[in-house]
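The next block holds one structure in the form of structure tokens; read it before the comments.
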Amino acid sequence: MVFTPTRGYANYVICSDCGYIFKCDECDVSLTFHKNERKLRCHYCGKESELPNFCPKCGGFKLQTRGFGTERVMAELAKLFPSQPLVRVDRTVIKTFKDLRNTFNFMKEPGKKIVVGTKMITKGLDIQDLDLVVILDADRYFNFPDYNAQESTASLLMQVAGRSGRKEKGKVIIQSFQPENHIYKSLIDHNFDLIAENDLEQRKIYGYPPFVTLFMILVNNPSADKAKAKANEIVEELSKIENQVDIEILGPVVPIISKLRGNYRYQIIIKSKQKNHDFLYSTLKKHFRDIKIYVNPPTTLV
């Protein structure tokens, strides 16, 4: 089993002449290239288009694909193991429960085969004779700018690695440029407690749950100027009560994905040591139509 985090053939397409990257018009994210269909697709809003033969910015023809997804991994493995059955498991090819059931039944049939998939293969899959799991580009997970990156990475890698060795004969290979990272040592020792202890220590120092209550406020608006103005208005109102209660206000800032499904976004983080937060809701009440509030979200990358 080979685990890779993304589907498609390449994470993005870039013009090597001018550096232009093909992005979604509705979302501020790069478009994933699907080679079999020759399509550029946004995995957030679903918008897709044909890959042109030239760069829309400079007219150059030197378009290059960067990164890799399940489709490219499958293509490379087919070259190395031409006679080996290959199975792909991701949302592009598995669209119904029937597809999923048929694929899993085929995977459980006797005989050697290679399975390539995304997170879809990490849950509910028990293949007794699975003897090798390969995790590609594992570093990308714990390098996300997210307070929960260490814990979620360790949980994911343990879950993927746990697919192998059900009969104590399996092997796990992890591709990493930082093999000295404490997460990998903890994985080898099956010591999730060590990861939790390290993570809790960092959260206590920098003020993250469970040592504070974290509120993430997302302002959305089709107009970038209106979104910014609304975010600044909210922060200004919150600043008036900041000295009266034990809270810390961070932002507003533009999140990693600054535009999603046609809406521009601004993010405000509030860290509170208060037990009662009625004061916060009463302050934000009149803005409810323009914002989304997340309380102790498992990730700030939404």
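The values are calculated or read from the model by the stated rules, or taken from the named source; none is laboratory data. Remember, predicted model here, so these are calculated numbers, not experimental data. FYI the Cβ positions are ideal-geometry reconstructions off the backbone, even for glycines, and counts take in every protein chain you see. Only protein heavy atoms, including side chains, enter the accessible area calculation; ligands, DNA and RNA are left aside. Shrake-Rupley method; radii C 1.70, N 1.55, O 1.52, S 1.80 Å.
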Go over the candidates G207, G251 one by one and state the one that is on the phi > 0 side of the Ramachandran plot and out of contact with any Asp or Glu (no Cβ under 9 Å at 6 or more places or on another chain).
G251
Here is a check on your reading of the model: is D28 touching a residue at least 40 places away in the same chain (Cβ under 8 Å), among the charged types (D, E, K, R) and open to solvent by less than 50 Å² (accessible area, probe 1.4 Å)?
no
How do the pairs read when you match residues in the stretch 131-143 that are farther than 17 Å from K119 by Cβ with residues anywhere that are of a type in the set (K, R) and open to solvent by less than 30 Å² (accessible area, probe 1.4 Å), using Cβ under 6 Å and keeping only pairs 6 or more apart or on different chains?
none
What are the residues in the stretch 14-44 that are at negative phi, part of a loop (DSSP other than H, G, I, E, B) and of a type in the set (D, E, K, R), if any?
D17, D25, E26, D28, K35, E37
Keeping to the stretch 248-267, report how many residues are over 26 Å from S30 (Cβ atoms) and touching a Leu at 6+ places or on another chain (Cβ under 8 Å).
1
Subset of the stretch 255-302, residues out of contact with any Cys (no Cβ under 9 Å at 6 or more places or on another chain) and at positive phi, comes to N296
